[in-house]
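The values are calculated or read from the model by the stated rules, or taken from the named source; none is laboratory data. Computed from a prediction, not measured in an experiment: that's the story for all the values here. Quick reminder, even Gly has a Cβ in these numbers, built from the backbone with ideal geometry, and neighbours come from all protein chains shown.
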Amino acid sequence: MKTDFYRKTNDREFPSNLTDYDEMYRSFEWKYARKELDWFGDKLNAAYNAVDRHTHTWRKNKIALYWEDEEGNQKKYTFEELSVLSNKLGNILKDFGVERGDRVFIFLPRIPELYFSFLGILKIGAIAGTLFSAFQEQALADRLGQARPKVVITNKELKSRLPRVKHVITIDTEDFTKSLEHASDELHIAEMDPDEYAFMLYTSGTTGKPKGVMHTHRAILQEHMTAKWVLDLRDDDVYWCTADPGWVTGIAYEILGSWSCGVSAVVYAGRFDPKKWYELLEKYKVSVWYTAPTAIRMLMAAGDTLVDERDLSALRHMCSVGEPLNPEAIRWAVKVFDKPFHDTWWQTETGAICIANYPCMDIKIGSMGKPIPGLTASIVDDNGHPVGPNTEGNIALKPKWPSMMKTIWRRPQKYESYFAGGSPRSSSGGAGWYLSGDHGMCDKDGYFWFIGRADDVIKTSGERVGPFEVESALVSHPGVVEAGVIGKPDPMRGEIIKAFVVLGKNVKPSEQLKEELSQYVKKHLAGHAYPREVEFIDKLPKTRSGKIMRRILKAKEMGLPIGDTSTLEEY
Ligand code: WT7
């Protein structure tokens, strides 16, 4: 196969933060990055590093956040204002009895209060959890029921979906406005051990309920360094990350790593809309843009004239994450923006970018790039043995990197199951490999290529959905006996969710029922994780031990050979 390159020319006048990848990869050790952050002796606080430390510098009155919503409402906050407002939030939480190690969850759309809350929670040493605002009551009950937060911060509209929790703070009430007014702007910042928890995120695997991935304050070290090396963030940048803090990208690169670099960030609290997006890029003179392949494909489909009408000359650097970035998307970007998107690979569990294309490195179009300095990545077999170049295997990382998850909340065995040859917590002390759940290969030049998921996890519009959650939601419908859910390849969304449904004996299949089932999941589980396609089926393919073989549903759907069926129950 012939590889297409995008060759970089070195800009001598404005060199990127990372100028020589190979040299840095050879010589870098994490201890050298220590001075990039502010420490309290051996302790640190990730939120303090993201925001408060800048208030002791000239950045004090610099805009940290430009916020805008769909109705055109606009707000802006300096680093000083973010620092004060998050202090106030921290004090309000303390009044609710929140202590170090308590969980506080945020269930809010992307409004400024979400950001103050997140920072305030970390600043008092509590653990922040974020919940995507599209979640409905079942998804919320599963997550909150397991995390048992002391407080949930929400608004009037979303509150009605919540299960019973200890305390609820509703931000669009007079009560809250008053307590924000009265709360002190001074707060003692919790000095945290780098290994203490800072935030948690629920994410899905193939089976079982979503897993609470735990991250520590140390994560900011890698979030900061990758924001510098990969996103190439600099002091004069206006930076727009299009992710929602309900997912890890919005935490690591809209709050922690990016603000730690001192940039002005743009947050748009609205739905995807090509025209609006270009308008924002122009209006705020966005210079660095971090987005996702589904959005890029939708922009491509919206046509080039929309771009040509805008002055996007401020745009210097563009990156992508979350799902495979098609070569056509890169070629299109070079055509219309005169620069490529740089693919980055990482996961909720890795806490920060792990494999990436750098501004100083030629891009092999279609490849995810190379591991960040300070991290060893490899392709290994299921037992953790490296397989050599150009061979398919598991994308694996060598523990520990600073932003690696510390555990899975209350499910230590789940955590262990990520590792081949022993986790850092096991007696081997981390001698093994972390297996990502992705298949890929590495070429002779050390570039990594994504092949696909090793498991049944679905990636729809870049969002990670566990088939089990959707199946459970479907079978809770009175007409459904069983359901098997897969990701069906889709040219725009990467994958869409497709459900194969076995109906009860007396239930009549109809197009209307298909629509009803799809809406049922949307209403009870999540606004983004519902099946766009439903197919009725007499019987699901299962193993002899009764597990649904989604692999076979997928092969049939795609008209592919169904492969090894030796463990299949008679079908
Ligand atoms: C999964 C992790 C971490 C940011 C958001 C996703 C897929 C991620 C890429 C990429 C192909 C990618 C993988 C991975 N993925 N980046 N550049 N190319 N696939 O976090 O929701 O935990 O999902 O997203 O399958 O395992 P996440």
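Would you point out the residue of the stretch 351-367, among those that are outside any loop (DSSP other than H, G, I, E, B) and within 9 Å of the ligand (Cβ to nearest atom), that is farthest from residue 199 (Cα to Cα)? Looking at residues that are outside any loop (DSSP other than H, G, I, E, B) and within 9 Å of the ligand (Cβ to nearest atom), I get 356.
Residues that are part of a loop (DSSP other than H, G, I, E, B) and within 16 Å of the ligand (Cβ to nearest atom) within the stretch 310-327 comprise 322, 323, 324, 325, 326, listed in sequence order.
Scanning the stretch 455-485 for residues that are touching an Asp or Glu at 6+ places or on another chain (Cβ under 7 Å), within 16 Å of the ligand (Cβ to nearest atom) and either at pLDDT below 95 or not aliphatic (A, V, I, L, M) (or both) yields 459, 460, 462, 467. Taken together, 23, 71 contain a single residue that is over 17 Å from residue 261 (Cβ atoms), in a loop (DSSP other than H, G, I, E, B) and free of Cβ contacts under 8 Å to residues at least 12 places away in the same chain, which is 71.
Within the stretch 380-395, restricting attention to residues that are surrounded by fewer than 23 Cβ atoms within 10 Å (Cβ to Cβ) and aliphatic (A, V, I, L, M), the residue that is nearest to the chain's Cα centre (by Cα) is 380. Taken over the stretch 401-452, the criterion of being of a type in the set (Lys, Arg) and touching a strand residue (DSSP E or B) at 6+ places or on another chain (Cβ under 9 Å) is satisfied by 406, 410, 411, 414, 425. May I ask you to list the residues in the stretch 335-350 that are within 9 Å of the ligand (Cβ to nearest atom) and crowded, with 24+ Cβ neighbours inside 10 Å? Once the filter is applied, which keeps residues that are within 9 Å of the ligand (Cβ to nearest atom) and crowded, with 24+ Cβ neighbours inside 10 Å, the stretch 335-350 yields 343, 344, 345, 346, 350. Any chance the stretch 368-382 includes a residue that's in the same structural domain as residue 149 (by TED's automatic domain parsing), part of a loop (DSSP other than H, G, I, E, B) and within 20 Å of residue 205 (Cα to Cα)? Yes, the stretch 368-382 has at least one match. Taking the stretch 540-571 as the range and being surrounded by 14 or more Cβ atoms within 10 Å (Cβ to Cβ), among the aliphatic types (A, V, I, L, M) and under 31 Å from the mean Cα position of the chain (by Cα) as the test, the residues that pass are 548, 549, 552, 553, 555.
Only one of 446, 452, 430 is free of Cβ contacts under 8 Å to residues at least 40 places away in the same chain, of a type outside the set (A, V, I, L, M, F, W, C), part of a loop (DSSP other than H, G, I, E, B) and under 25 Å from residue 380 (Cβ atoms); which?
Result of the check over 446, 452, 430: 430.
Return the residue satisfying two criteria in turn: it lies in the stretch 248-267 and is over 13 Å from residue 286 (Cβ atoms) and not in a helix (DSSP H, G or I), and of such residues it is nearest to the ligand (Cβ to nearest atom). Once the filter is applied, the top-ranked residue is 261.
Before we move on, is residue 295 under 25 Å from residue 339 (Cβ atoms), within 16 Å of the ligand (Cβ to nearest atom), aliphatic (A, V, I, L, M) and surrounded by fewer than 21 Cβ atoms within 10 Å (Cβ to Cβ)? Considered against the rule, which asks whether it is under 25 Å from residue 339 (Cβ atoms), within 16 Å of the ligand (Cβ to nearest atom), aliphatic (A, V, I, L, M) and surrounded by fewer than 21 Cβ atoms within 10 Å (Cβ to Cβ), residue 295 comes out as yes. State all residues of the stretch 514-539 that are buried (at least 16 other Cβ atoms within 10 Å of the Cβ) and part of a helix (DSSP H, G or I); if no residue qualifies, say none. Within the stretch 514-539, 514, 517, 518, 520, 521, 522, 524 meet the criteria. Whether any residue in the stretch 187-197 is modelled with pLDDT of 95 or more, within 28 Å of residue 372 (Cβ to Cβ) and surrounded by fewer than 16 Cβ atoms within 10 Å (Cβ to Cβ) is what I want to check. Scanning the stretch 187-197 turns up at least one residue that is modelled with pLDDT of 95 or more, within 28 Å of residue 372 (Cβ to Cβ) and surrounded by fewer than 16 Cβ atoms within 10 Å (Cβ to Cβ). Only one of (1) within 16 Å of the ligand (Cβ to nearest atom); (2) surrounded by 24 or more Cβ atoms within 10 Å (Cβ to Cβ) fails for residue 242. Which number is that? Unmet condition: (2).
To keep it simple, each residue is scored yes or no on (1) under 21 Å from residue 218 (Cβ atoms); (2) in the same structural domain as residue 486 (by TED's automatic domain parsing); (3) within 16 Å of the ligand (Cβ to nearest atom).
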position	(1), (2), (3)
413	no, no, no
417	no, no, yes
424	yes, no, no
427	no, no, no
433	yes, no, yes
438	no, no, yes
447	no, no, yes
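Here residue 118 fulfils each of the conditions (1) touching a Lys or Arg at 6+ places or on another chain (Cβ under 9 Å); (2) of a type in the set (Phe, Trp, Tyr); (3) closer than 27 Å to residue 258 by Cα apart from (1). Being crowded, with 24+ Cβ neighbours inside 10 Å, in a strand (DSSP E or B), at pLDDT 95 or above and assigned by TED's automatic domain parsing to the domain that holds residue 371 is the requirement here; does residue 221 meet it? So residue 221 does not fit the description; no. Among the residues making up the stretch 546-571, those that are in a loop (DSSP other than H, G, I, E, B) and either more than 23 Å from residue 210 (Cα to Cα) or of a type in the set (Phe, Trp, Tyr) (or both) are 559, 560, 561, 562, 563, 564, 565, 566, 567, 569, 570, 571.
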